[in-house]
Structures are given as structure tokens and as C-alpha cells.
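Okay, structure first, notes after.
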Amino acid sequence: MRGKRLLVLSILPLLAAVALVVAVGIGAVAVPPLEVAKIIGGFLRGTLSQPSIPAETIILQVRLPRILLGFLIGASLSLAGTAFQGLLQNPLADPYTIGVSSGAAVGATAALLLIPEASSGFIIPLCGFAGALLALFIVYKLGSVGGRLPVVTVLLAGVVVSSFLSAVISLGMLLAGEQMRNIFFWLAGGLGQRGWGYLALITPYFIVGLLVLLYLARDLNLILLGEEDALSLGVEVERTKRWILVAASLITAGAVSVSGLIGFVGLIVPHAMRIIIGPDHRYLFPAALFGGGIFLVATDTFARTVIAPAEIPVGIVTAFLGAPFFVYLLRRHREKYRF
Amino acid sequence: MSLHVEVKNLVFSYGSETVLDGVSLSLAQGDFIGIIGPNGSGKSTLLKNMAAVLTPDSGEIIIDGKALAHWKRRNLARRMGVVGQGGGAGFNFTVEEMVAMGRYPYLDRFGSFKPADRQAVERAMHLTGCYHLRQREIFSLSGGERQRAILARALAQETPCLLLDEPTSFLDLGYQVELLELLQSLNQREKLTIIVVMHDLNLASRYCRKLFLLYRGQIYAGGSPEEVLTREHILEVYRTEVLIEPHPLDEKPQVIPVAAAPAAGSENSFKKRVHLIGGGGSATPLMKELFVKGLSLSAGVLSVGDSDWVTARRLGLRMVEESPFSPISPLRHRQNLELIGDAGAVMLAPLYIGPGNLPNVEAALFALEQGMPLFVIDNPPAASRDFAGGGGVTLYRRLHSRGALFQNELDVDAIIRLLLPASSPFPQS
């Protein structure tokens, strides 16, 4: 297992790099991978401040930010999903389970409805993020009992808040009139028309959340053996749960406020990675990060090219391609896989 | 590594339900302590308070002179290992990975295993016999194997004290004894302090040096197994009529259930005692049957070592004893008559009659003369049991003519009807 874990964890970043380069090359204007690598290399070294040829403009201004954002969103959802499944000790948990994402959706819907100029600038993601934080606050308050966060009450509070907010969104869409289509597209999730600014917007949350999760990975492992057992092994269980909840929610809030509700990544990639690399979160978190990133980059590439010049919302593709892949994994490992 | 634990006046409640109501106890390094008690008596709650999993409402637990509340969990985990009742989703960690988690309190956050850590883990797996399972995933283990793996994790913590919450409850007899023998050897060889919550009174008696019997959130009795496991304690706490027998090997009290105790109220109806006259095993079936019905019994005169005597002693009956192979002396006979004097009824078992025990039949006659109801089980008939040259048969004739109730076999209901007051609200037929 040790050897396999290290192998997987060294292959995944390479795979991610290859996926990025290949994905950047694919599109209406095809660019060979070597060329892509050269352009990105130049960009990274700073020798290419002013794009000169069209390929460079397309790659650096359009595709690269979108694909990096896709990677970051995929990584975020997968990481948050892993954390929520562990924290809530529930295989059905995903980043949307506890309602933070619904909060983001309400924020974004409200922005689209109430602010005429919402589509420009960062109004939607900022409102989405605010909505997500508000939802997290409510779930946290509803879910805590006497200073503790029992898994069951957090889960129930999350489901309740989530259902309530979904109703709010449905009502909003009903009242939206001509904005309804925009809201629908936002909710379906997508990565189109996102430039570097979006990347800059959510990277800090992602990094902070990631560091917190990695810091607490070993503690989370012990909590999975049972909270009482973890206590007697010296884990500060409540503090750990609190921080993991906040970190995973921040990561989710960032991702959802930028890209809408892209489903499936946060549910399936954590399970797939757990099958491949085992349940130890010290390895599972990094694996989920790369796995989710690669998965979303791949599905988004498919989503934007298969019926080009039109695009399919990537959330549809993730489920479409992800479900069969997961069934395959599960069937191959069903004898051995236990959540 | 020495350890001292003191529990002072502990009170704990779940909501409005008080589970622990002033528990105090103390234990020292090397103790092997069993916490026993009926369901809901607060055993596990006490253990969880001691393990700092639950926080008491009032009272305190002091470990090595420092209140539990002031201990850092990490430091506490180096002093006390806990084997709980399990739970948690589990995931598919291997046995080795799980046992290795026992080293958590010693590791730096991002630090890796040192040789000492690896040694502790391997030693714990060897001790508990789960080394060969180390590559197996937890979920694929049987209940007994899983229990051993969890114990191994606690041992990997290398603490001077182990707390175990019903560690044998899901194990078969073989694993139960194996686990307790392992604990015993850890206790004896490594001077490990062991506190174990147990349901099985007999195993607790055999392996624990000291028992605390919990009842309604308080310590009802504490001390050696002999002091704690008495018929009276168990009748009160478990509402069960039991026999206490010494274990054939180590004389530790073993509890043998007899029957559920009669409901309060009906007890009073049986205040009157039945006195049994027997010998040579003739009264044993009668004693057993009447005892199970909850009647209060006495017996006499029985020879020490005689099988009726053994039964009477096991059942804890009042009795008059005579030395083995001796005729009944006037003193014992008189004592027998005294016991008869304040009984509610007398029963004469179909004993073999010889010159030495003729006074026993005379005692039956005495009862009749006192106006006491006398039941005579005359099967086989007295003539075939009389080895006293006809003296026995003569006495039986007189019993018959004076109105003794002759029966072929024991009619418990007849006796109960006789002993109950006429107006009893508890008809017993």
C-alpha cells in the first residue's frame, strides 16, 4: 500500500500537467502540445509579456485561465467532498450536502435578479460567496448542540437549510422573467467566459482551506474510527470537526460562487480516489485534489468541443461521463471497497 | 510508570435523567478492577467519564493529582488507553494502520514513525495475536479479531492504565477467556492497571481482583469478589434469586441464576417457613422444587457431607447438622425440634430409616403433636425403607393415624395453599 500510494501521488501531478497542456491545445484553433508547452513556458518565465501571435492570445487570455480555473474548481469540489464525507461519516455527502452551495446559489440568483449590471465584474461571485457564508453560519448555528457539532445534527441542519434555499431559488426563478435563462445557466454550472480575475478571486480560499485540511488529515483519520475512540487517542475532536467544516465550506463557497453548481465531481472523485489510494486522508486529500482537477479539466474540454461552437454545461458532462466510470471502478473493487 | 486515579462524588446526567449519582472510588497502579451492575446502572457512563469522553455535572476525577479537566487530551492519551464499544464508519484501514493510530499521542503533527513507534505497534499486535492479520482491512475481520485489533491499538499507546468497556460482549466463550487471560497477564507481568466494565459476573469474579457493583448510579458494593457477589446483593440489584458457588479451581464465587425474584408484596405471603426432614439425598428434589417456588426453607437433622446436606448448604438453608456417620445426638435433635417449632409446615422426605436417624421421624411426630401441618412423602413406602427393625414403620403408622398428609409425590400447590393466608390477594394455583 505504501509503495502504491507514493506511486499514485507522483503520477497524479504529472498526469495533471499533461492534461492541462493537452486541454489547452484543444479547441477551434488546435495548437500542438509542444507549442502549448513552449508558450506556457515562456509565459511562466515572463519573456512573453505581450502576446504576438493569435495562438498565444487564445491560449493565454482564453484557454489557460479557463482550464486552470477548471482544475481549481474540480480540485476544490473533490477536496471538499472528501472532507465532508469524512467529517459527516457519510458516503453520500458531497460539497452540496450541507447547504453552503445553496447559499451561494441564492446569492447569485439574488444578484442576477436585483442588480441590473450583475453579469459584469465580480458581482455574481461576490454575492454568491456572501450567500455561502451566510448559509454556513446558519447551518453551524442550527447544527451545534451545547458547543459540540454532532454529525447527525449538522447533516440534518444542512439538509434543511439546503431544501429551504432551493425553494427560495425556485421562487426567484419563477419571478425572474427574462433573467430565468441566465439563472438556469448559472445553476447548471459552467466555466465559460471566466478570465484570470476569477482565478485570483478564489485561489486564496482554496489555499487556506487546503492547508487546514492537510493540517488536520491525521486527526480526521482517527475520528473515522469513532469520535469516542479519537478522543481517547488524544484528538481534540470538536475543534478538528469545526475547522474541517469551515475549511471545506470555504473551499466549496469559492468554487460554487465562481462556477455554479457543477455536480458529481465532489461525490464521485473522492470515492474513486479512496478506492485507488485508501482511506488515509494524508494521502487522500492530495489525491482528491489532483483527481478532481484532472477530471474537471477533461470533462470541460469535452463539454466545450463536442458540439462546438456551442457548449454543453459542464455539470451535465461530469455526470454523463463520471457515472459510468464510477460504476466501472465500483464493480471492479466491490469486494474490497468499504466506505 | 505509576498511576493514581481518584473519582470523587461524581454526578452525571443525560438531560434530566441522572445516571451517576455520587460515585466515589480510587484505584492504584496494578489494580485489576471490574465494574459490574445491571443494564442502565451507569457502568459505561462511569467509564466514559473516567476516559474524559463525557464531562461530569459535578464531582471530579483526579489523575496523578491533577483534575481530569486540566489534562491535555494528548497527555492523557499517554496515561490511559481506552477500548470502547466501537462505532464509527471505519473506512477500510488495515489492522496495522489502525493499530499504528495508537501512536498518535506521541507523534508530531507531520512527523513520521520512529523505530520505537514501530516496535510498540508490532509488540501490541504480537501480544494480542493479530500480527498475522496486519494487512487485513478492519471491516473484513470477525468480531473477535476486531476486538483484538482495537485492544492492540490501546496497547500501542503504551499507557500504564487501560479502560475497557464491555470488551467481551460480542465474543464467544473462547475469545472471552482468551481476552481476559491476556488482560490478566498484562496486569501481572507489566503491572498494567486495568478497569473493565463487564456484564458477565462469573468472568468478572474470576479475573478481577476488585469489583464495584453499580446500582442506580451509585456504588452499591465494592471490594473483593467474595464481598460483592453475595446472594443478597444480587437479589436486590438484579432482582434475581441466585446461588453462589465457589469455582472448583480458585474458589472465586460463581453466580448461578435460579429464578427471577418474586414481585414485591407476594414475598410477605411466604414468611412462614417449611422445615424439611430428610437425609441420604431423599430431601434434595423436594428442597430444589420448593426453593425455586420461592418458599423459605430449613432442614434437619442432616449429616455433614450427606448429599441432602450439600444441597441445603448450596441453597443457603438454615439447618441442623450432625457429624458424619454419627447417630443423631440429643442436642441436635433438640435443635431440630426448635427449628420445627417456629416453622409453618413440616415435610418428611422418604428417607432410609436406621437406628441412628430414628429421631428424625420422631421429630415429625413432634411437629404433628404441636398441631403443625405435616406432609409425608411416602414413596417408596416406609416398610421398604425401614432398617430400624420395624421402629420406623411403627412411627409412620402413628403419623398416619394422627392426621399427617400422606402423599406419593410432592404437591407444591397444596403446601403453598396451606402457607398463604386465606385472604391472600395472590392466589398461587
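Each reported figure results from applying straightforward, stated rules to the coordinates on display, with no laboratory input. The model shown is predicted, which means the values in this text are computed figures rather than measured ones. Please note: Cβ atoms are built from the backbone with ideal geometry, for glycine as well, and neighbour counts cover all protein chains shown.
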Long-range share for chain B, i.e. C-alpha pairs more than 42 Å apart as a percent of all pairs, stands at 37 percent
Please give every one of the lysines within straight-line cross-link reach of B:Lys252, meaning a C-alpha to C-alpha distance under 19 Å, and leave out same-chain neighbours fewer than 8 residues apart. B:Lys210
Who wins for biggest fluctuation among A:Ala110, A:Ala230, A:Ala253 in a Gaussian network model of chain A, springs between alpha carbons below 10 Å? A:Ala230
Highest average packing first - B:406-413, A:278-285, Cβ atoms within 10 Å: A:278-285, B:406-413
Cβ-Cβ FRET estimate between B:Lys8 and A:Tyr215, R0 fixed at 60 Å, reported to 0.05: 0.95
According to a simple spin-label model (label point 7 Å from Cα along Cα-to-Cβ), what is the distance in nm between B:Ala383 and B:Glu17? 6.8 nm
Can you give the FRET efficiency to the nearest 0.05 for B:Ser323 and B:Ile256, using r as the Cβ-Cβ distance and R₀ = 45 Å? 0.95
Computed, not fitted: 222 nm per-residue ellipticity of the protein assembly as shown from DSSP H runs ≥ 4 (each -39500 (n - 2.57)), nearest 500, equal to -16500 deg cm²/dmol
Quick one: dipole size for the protein assembly as shown, taken about the Cα centre, charges +1 on Lys/Arg Cβ and -1 on Asp/Glu Cβ, in debye to the nearest 20. 2160 debye
Output field shielding_mean for B:71-80 (other chain Cβ, 10 Å radius) holds 3
Among B:Leu290, B:Leu180, what is the fewest-to-most ranking by other Cβ atoms within 10 Å? B:Leu290, B:Leu180
Could you sort B:304-316, B:59-71 so that the peptide with the highest average Cβ count within 10 Å comes first and the rest follow in order? B:304-316, B:59-71
For peptide B:134-143, what's the mean number of Cβ atoms from other chains within 10 Å of each residue's Cβ? 2
Provide the per-residue ³J(HN,Hα) series for the stretch B:185-194, in order, calculated from phi with Karplus coefficients 6.51, -1.76, 1.60 and θ = phi - 60°, each as a whole number of Hz, with x at glycine and proline positions. 6, 5, 5, 7, 7, 9, 6, 5, 7, 10
Given Cα pairs under 8 Å that are at least 6 residues apart, what percent is the relative contact order of the stretch B:4-259? 25 percent
Straight-line reach check, A:Lys141, cutoff 28 Å on alpha carbons, 8 or more apart in-chain or any other chain, hits among lysines -> A:Lys241, B:Lys48, B:Lys72
Taking the alpha-carbon centroid of each part, what is the distance from the stretch B:354-405 to the stretch B:116-187 in angstrom? 64 Å
Taking the stretch B:132-192 as the region of interest, what is the percent of Cα-Cα pairs per 5 angstrom bin, listed from the shortest bin to the one with the maximum distance? 4, 16, 28, 24, 19, 7, 1
Which three extents, in angstrom, do the Cα atoms of chain A have along their principal axes, listed largest first? 63, 55, 38
Rg/Rh of the protein assembly as shown (Cα atoms, Kirkwood Rh), to two decimals, equals 1.21
What does the structure give for A:213-220 when I average, per residue, the other chain Cβ atoms found within 10 Å of the residue Cβ? 2
Which order do the peptides A:259-269, B:207-217, B:125-135 take when ranked by the mean count of other beta-carbon atoms within 10 Å per residue, highest first? A:259-269, B:207-217, B:125-135
Give the long-range amide H neighbours of B:Leu54: residues separated by 5 or more places, or on another chain, with amide H under 5 Å away, using H modelled in the peptide plane at 1.01 Å from N. B:Asn49
